[in-house]
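Report on the following structure.
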Amino acid sequence: MTVWPYADTGIMSEEILEEVVTMNYRATGREKPVVFSWQGDEPLRCGPDFFKTAVKLQRKHIKDKRIVNTIVTKCEGLNEEWANFFYENNFLVGLLADGRKSFAEPALAEFDVAAPFKRLKPAAEFLKKRGVHINVIACIDQRNVNSPITVYNCMKEMSDYLQFHSVGKGHHAVSAEAYGEFLSRILTEWYKNDENKVYVQFIEALLSNYKGCHSGFCIFDTACGQNPVVDYEGDVYLCTRCREKGEAYIGNIMNLDLNDLLGITAEKGKCKISDLPTGCMQCKYFKVCYGGCPLNRVENMFTGIKENALCRSYKRLFTAFDDILRVTVADYISYLR
Ligand code: SF4
Ligand code: SF4
């Protein structure tokens, strides 16, 4: 479960936090770890005491399953106390490099692609020295999308676990073509130099799909809702993107019972496949893409059919996968046929 414990308007209460812990435990299948992904505006703003309470409640209620905590942060207020806490409680810390929010907005031509990473690097070094596991998440927008290798190398200097998020709205929104080209260049670079050394989330997810396994990466999975989000007021949505858009509301965790949570989530999660246009159903990449994220579907003004706005970027990427993988692992490709 993803937890957004902080917003400008408040912090999650202990009562809701305890319900989140018990509900997440009960909703997690028998063999699986109970995963808490702490995200949101800046979860560190909740303060260390909030997270100490969270861990205390996890230990109180979860005795027979492994607990996994991950947190995504821009490192606001990171200090010795946080580092010790993350280390002692085995948190995986995702450092978010988002050039839009952490800097004054320079003109496009003056934007230093490496700057968001340079800013995070001391935090990465600091955490690694204290034994904390980290990954790096880069937001890809109009200003860095044409510099894939610079972005990739800056990230690799910090960690071997990398994730990319495209910025799809606002005046720095990235185009489908440019993002597809960006991901293809990352794939080529990874394959040339870093296969089996660097973990890149979208590559690993697509490799799973090519092998016919479920990746668990929602955008390229068969259904939505594997990882619902609960916000500081206890409101549960299908996922973080749905929460941002105010869509796919499941209910308030204080009023939901387990069957409601699982039932409504499963029902709403079918939207991934249920409304797909014929073009997706007949697409040669259907079994690796599954139509992408339904929130990216927009109505074609000529045909009236809803299509994925990132379709061209996905196809560019899948073509690159075909080219690279055909040489070494032909059976991945044969799965598609
Ligand atoms: S690549 Fe495009 S057409 Fe094919 S399944 Fe994905 S979104 Fe649909
Ligand atoms: S709506 Fe998009 S982001 Fe949300 S779970 Fe579905 S694929 Fe993932």
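The values are calculated or read from the model by the stated rules, or taken from the named source; none is laboratory data. Just so it is clear, the model here is predicted, and its values are computed rather than measured. Counting neighbours? That spans all protein chains shown, and the Cβs are built from the backbone with ideal geometry, glycine included.
Filter the stretch 268-312 for residues that are more than 9 Å from ligand 1 (Cβ to nearest atom) and of a type in the set (S, T, N, Q) and give the result.
Those that are more than 9 Å from ligand 1 (Cβ to nearest atom) and of a type in the set (S, T, N, Q): Ser274, Thr278, Asn300, Thr303.
Determine, yes or no, whether Trp4 is under 30 Å from Gly263 (Cβ atoms), modelled with pLDDT of 95 or more and among the aromatic types (Phe, Trp, Tyr).
Criteria met by Trp4.
Residue by residue through the stretch 164-186, note down the ones that are part of a helix (DSSP H, G or I) and of a type in the set (Gly, Ala, Ser).
Ala176, Ala178, Gly180, Ser184
Could you check the stretch 252-317 for helices (runs of 4 or more DSSP H) lying wholly inside it with 3 or more residues that are more than 15 Å from ligand 2 (Cβ to nearest atom)?
Counting at least 3 such residues, we get 258-269, 278-281.
I'd like to know if the stretch 242-264 contains one or more residues that are touching a residue at least 12 places away in the same chain (Cβ under 8 Å) and within 15 Å of the chain's Cα centre (by Cα).
Checked the stretch 242-264: at least one residue is touching a residue at least 12 places away in the same chain (Cβ under 8 Å) and within 15 Å of the chain's Cα centre (by Cα).
Tally the residues that are at pLDDT 95 or above, assigned to a loop (DSSP other than H, G, I, E, B) and either within 16 Å of ligand 1 (Cβ to nearest atom) or touching a strand residue (DSSP E or B) at 6+ places or on another chain (Cβ under 6 Å) (or both), restricting the search to the stretch 225-238.
Adding up the residues that qualify gives 3.
Can you tell me which residue is nearest to Gly216 (Cα to Cα) among those in the stretch 55-84 that are among the hydrophobic types (A, V, I, L, M, F, W, C) and under 22 Å from the mean Cα position of the chain (by Cα)?
Val68
In the stretch 207-238, what residues are at positive phi and surrounded by fewer than 16 Cβ atoms within 10 Å (Cβ to Cβ)?
Across the stretch 207-238, the qualifying residues are Gly212, Gly216.
Could you list, in sequence order, the residues of the stretch 108-122 that are crowded, with 21+ Cβ neighbours inside 10 Å and out of contact with any Ser or Thr (no Cβ under 7 Å at 6 or more places or on another chain)?
Of everything in the stretch 108-122, those that are crowded, with 21+ Cβ neighbours inside 10 Å and out of contact with any Ser or Thr (no Cβ under 7 Å at 6 or more places or on another chain) turn out to be Phe117, Leu120.
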